[in-house]
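The values are calculated or read from the model by the stated rules, or taken from the named source; none is laboratory data. The shown structure was predicted, so the numbers you read here are calculated from the model rather than taken from an experiment. Methodologically, a virtual Cβ is constructed for each residue, glycine included, from the backbone with ideal geometry; neighbour enumeration extends over all protein chains shown.
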Amino acid sequence: MISPELISERIAHFRSIIPKGVELVAVSKFQPVEAIQAAYDAGQRLFGESRVQEFLEKKAVLPADIRWHFIGHLQTNKVKAIIGATALIESIDSVRLLELINRESEKAGIVTDVLMQVHVAMEETKFGFLPEELLDFFRTKGFGSFGKIRIRGLMGMASNTEDNDRIKEDFSSIASLFSDVRSMVPTPDYFDILSMGMSGDWPLAVDEGATIVRIGSAIFGSRN
Ligand SMILES: *Cc1c(COP(=O)(O)O)cnc(C)c1O
């Protein structure tokens with residue numbers, strides 16, 4: 001782990017350069033609780049985790065006013081464990097997952113906020129809906145199908161490449177899908193979150209309209 005002082009400096013740095021209206025998710029996956037505590041002490045309250053077990057263990061020992069975003073692939077058998085623990089699940093990559101979250105939210109008597117994950121990057125391994133699949137989902141299922149879920153927007157990643165033009169193109173595709181879907185939503189004020197951009201490419205994502213950036217290694221250093 002890098003020093004708490006450096007984490008603190010980096011949090012201050014990002015808070016000063018990320019434009020108003022864009023939220024910073026400090027991606028703390030694989031980082032120890034001490035690192036999260038250092039960022040918390042520097043004023044950061046929003047963190048992102050990608051594994052259910054690790055997330056719940058950290059949440060149990062860290063301050064209660066932290067808001068947690070789940071950003072990793074969520075296995076269907078882990079849904080029950082995570083319901084009620086997140087401010088936002090950013091990584092919905094199947095309709096099945098929505099069905100399960102809806103059912104468990106109903107049982108828990110809560111409404112769960114989520115983002116739909118879009119896949120536009122050139123890598124084949126990444127999870128998420130293709131743009132056409134997503135449009136199809138909204139055309140057929142619509143927003144009313146899951147009463148205990150609020151679909152708040154989209155999350156996406158750009159291709160893992162040095163080619164800035166390609167990265168811009170990916171973010172631009174996600175942003176234009178976002179506005180297409182938004183025009184289909186009965187209550188557009190609920191559909192207002194566009195999460196894109198990581199340590200290496202977040203300024204390009206902000207240029208294309210991101211409202212959330214998810215930054216890990218540029219704050220906490222490399223992951224073990
Ligand atoms: C790990 C991760 C990030 C952060 O990546 P960095 O390159 O470390 O900033 C952002 N989004 C998702 C979905 C991730 O899994």
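If a residue has to be assigned to a loop (DSSP other than H, G, I, E, B), within 12 Å of the ligand (Cβ to nearest atom) and not charged (D, E, K, R) to count, how many in segment 214-224 make the cut?
Taking segment 214-224 first, the residues assigned to a loop (DSSP other than H, G, I, E, B) are 216, 221-224.
Add one more test, that the residue is within 12 Å of the ligand (Cβ to nearest atom), and what stays is 216, 221-223.
When the remaining residues are screened for being not charged (D, E, K, R), the result is 216, 221-222.
Final tally of qualifying residues: 3.
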Segment 155-179: number of residues that are under 16 Å from the mean Cα position of the chain (by Cα) and away from the ligand (no atom under 16 Å from the Cβ): 2
Wholly inside segment 98-213, helices (runs of 4 or more DSSP H) that include 3 or more residues that are farther than 30 Å from Asn77 by Cβ and either in contact with a Gly (Cβ under 9 Å, 6 or more places away or on another chain) or at pLDDT 95 or above (or both) are 164-182, 202-207
How many residues does segment 19-60 hold that are small (Gly, Ala, Ser), within 16 Å of the ligand (Cβ to nearest atom) and either without any contact (Cβ under 8 Å) to a residue 60 or more places away in the chain or more than 18 Å from Met155 (Cα to Cα) (or both)? 3
Testing Ile89 on (1) modelled with pLDDT of 95 or more; (2) assigned to a loop (DSSP other than H, G, I, E, B), one condition comes back false. Which one is that? (2)
I need a count of the residues in segment 32-78 that are among the small types (Gly, Ala, Ser) and either surrounded by fewer than 17 Cβ atoms within 10 Å (Cβ to Cβ) or under 13 Å from the mean Cα position of the chain (by Cα) (or both). 6
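Just checking, which of Arg152, Arg182 is under 28 Å from Val33 (Cβ atoms), more than 13 Å from the ligand (Cβ to nearest atom) and of a type outside the set (Gly, Ala, Ser)? Give the derivation first.
Numbers: Arg182 fails: under 28 Å from Val33 (Cβ atoms).
Going through Arg152, Arg182 in turn, just one is under 28 Å from Val33 (Cβ atoms), more than 13 Å from the ligand (Cβ to nearest atom) and of a type outside the set (Gly, Ala, Ser): Arg152.
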